[in-house]
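Colleague: Encoded as structure tokens, here's the structure I'll be asking about.
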Amino acid sequence: MNKFYGSILLIALFSLAAIAQPNTIGKATVPDKTAPIAADVAANDVAKATLAAHGGEKLKKMTSLVQKGSADLTFMGQALPGVFSTAVSGDKYYFEINSAVQSLKQVYDGRSTYSSIPGFSLPPMTSLGFPVLQRIGDNGYVITALSEDKKKKKGFRITTPEGFYTDFFVDEKTSQMKGYESAYDAGGRVVTTSVEVDEFETVEGLLIPKKYSQRFDLGQITAYANFKTKQTLVNSPMAEDSFVIPK
């Protein structure tokens, strides 16, 4: 695979936990063609049950989450093995992926964002997917029912104060998150993504996705990624330089 296609895939890959926009971090810009129905008690009840299934107050009080593992990517029939590393502590975060073709790193220190790809930045990785579950019950994080085209599935939508949304799908019996979907703007191109969780692990009383697959629909191009976490640390002290912007 050449570096051009490798770069596109890596950018799509790290949309796993972020909404992509060039040169800025701000409001979601993708128009939602399947707007959710009005908030209701049932959606909030499902969300609260899902929070409880993943740790409840322990998840709400989580101070840091570090994960490292493998990321096997498939793009236009080409396989691209790699490794990933992510860390979140409050609003601060970093993520990094390395492969033989291309690497990508982004850091947010609470004020400024650094991206190893000049002119390209991703909003906070707490805006999408599993990290958003920690925000259930917080002011500004709106919980609504799924849109009509997804009503056959049990779940709910969380919309962040910035307008980013995640549709969570929940297991009927366990209330655990089975997967999620979202859509976002990546440099003027609408990207939709869906995740299916294959395996969880319990760490410090929290149920955290360990193995999961993700599909990225880039319009005329579709990419796939399989993630397998090999190390997860919860509430570990973070070094002072963990989120320092590279010079």
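Colleague: A 32 angstrom limit on the alpha carbon distance is what I want to check against. Which of Lys58/Lys228; Lys105/Lys153; Lys61/Lys173; Lys105/Lys150 exceed it?
Modeller: Correct reply: Lys105/Lys153; Lys105/Lys150.
Colleague: Sequence neighbours fewer than 8 away in the same chain don't count; with that in mind, list the aspartates and glutamates whose C-alpha is under 12 Å from Lys60.
Modeller: The qualifying aspartates and glutamates are Asp138.
Colleague: For segment 227-238, just list the computed ³J(HN,Hα) in residue order, Karplus coefficients 6.51, -1.76 and 1.60, θ = phi - 60°, integers in Hz, with x standing in for Gly and Pro.
Modeller: 10, 9, 7, 10, 8, 10, 10, 10, 6, 7, x, 9
Colleague: While we're on this one: Quickly work out the Lys211-to-Arg111 label distance, labels modelled 7 Å from Cα along the C-beta direction, and quote it in nm with one decimal.
Modeller: 4.4
Colleague: Note the full-extension length gain between Ala239 and Lys173 as 0.36 nm times their separation in residues minus their Cα-Cα distance, in nm to one decimal.
Modeller: Working it through step by step, the gained length comes to 19.8 nm.
Colleague: In vacuo Debye scattering of segment 41-127, one point per C-alpha: log10 I(q)/I(0) at q = 0.17, 0.20 Å⁻¹?
Modeller: -0.88, -1.00
Colleague: Still on this structure: Could you pull out which residues in segment 76-118 have an amide N less than 11 Å from a spot 7 Å beyond the Cα of Gln231, following the Cα-Cβ vector?
Modeller: 85-86
Colleague: Once a ≥ b ≥ c are taken as the square roots of the eigenvalues of the Cα gyration tensor of segment 66-191, is the result rounded (a/c under 1.5), prolate (a/b larger than b/c) or oblate (a/b not larger than b/c)?
Modeller: Note, shape of segment 66-191 comes out prolate.
No lab work stands behind these numbers, since they all come straight from the coordinates. All values derive from a computational prediction rather than experimental measurement. Don't worry about glycine lacking a Cβ; one is built from the backbone with ideal geometry, like all the others, and counts go over all protein chains shown.
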